[in-house]
Amino acid sequence: MSDSEIVAEFFKYHPPTGETLPKFAAINQAAKNFAEIVLANCPPSGDRSAAIRLIRDARMTANASIALNGLSL
């Protein structure tokens, strides 16, 4: 694939399939569990907010790796 084709694939919608749906669900559940642990143990602060934001980012990036099946530039 050319770089241009890879970039096009990055921004294409990748609907869940029977194979990817349980993987997405596992990632999402683990991220939610971690976020709940952070909320239960960290005092309200900018750092706690940043931690939750980074968990969300990690979840989205992990799900993207599943949707793209490892495709990268």
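Would you confirm, using the coordinates I've provided, whether D3 is touching a residue at least 40 places away in the same chain (Cβ under 8 Å) and among the acidic types (D, E)? Yes: the conditions hold for D3.
Take segment 20-73 and flag every residue that is of a type in the set (F, W, Y) and farther than 24 Å from F10 by Cα. Break it down into steps so the answer makes sense when it comes.
Pass one, segment 20-73, residues of a type in the set (F, W, Y): 24, 34.
Across segment 20-73, the qualifying residue is only F34.
A residue that is in a helix (DSSP H, G or I) and either in contact (Cβ under 8 Å) with a residue 24 or more places away in the chain or surrounded by 10 or more Cβ atoms within 10 Å (Cβ to Cβ) (or both) cannot be found anywhere in segment 11-20. So, A58, is that one assigned to a helix (DSSP H, G or I) and either open to solvent by less than 50 Å² (accessible area, probe 1.4 Å) or free of Cβ contacts under 8 Å to residues at least 24 places away in the same chain (or both) or not? Judged against the criteria, A58 is not a match. Selection of segment 6-40 for residues being hydrophobic (A, V, I, L, M, F, W, C) and within 17 Å of the chain's Cα centre (by Cα) yields F10, F11, L21, F24, A25, A26, I27, A30, A31, F34, A35.
Within segment 35-52, identify whether any single residue is open to solvent by 70 Å² or more (accessible area, probe 1.4 Å), modelled with pLDDT of 95 or more and within 30 Å of L73 (Cα to Cα), and answer yes or no. No - not one qualifying residue is present in segment 35-52. Contact annotation: residue pairs with Cβ atoms under 9 Å, 6 or more positions apart or on different chains, pairing a residue in segment 62-73 that is in contact (Cβ under 8 Å) with a residue 24 or more places away in the chain with a partner that is buried (at least 17 other Cβ atoms within 10 Å of the Cβ), are A62/I27; A62/A31; N63/I27; I66/I27.
The values are calculated or read from the model by the stated rules, or taken from the named source; none is laboratory data. These numbers come from a predicted model, not from an experiment. Don't worry about glycine lacking a Cβ; one is built from the backbone with ideal geometry, like all the others, and counts go over all protein chains shown. Note: areas computed on protein heavy atoms with side chains; ligands, DNA, RNA excluded. Shrake-Rupley method; radii C 1.70, N 1.55, O 1.52, S 1.80 Å.
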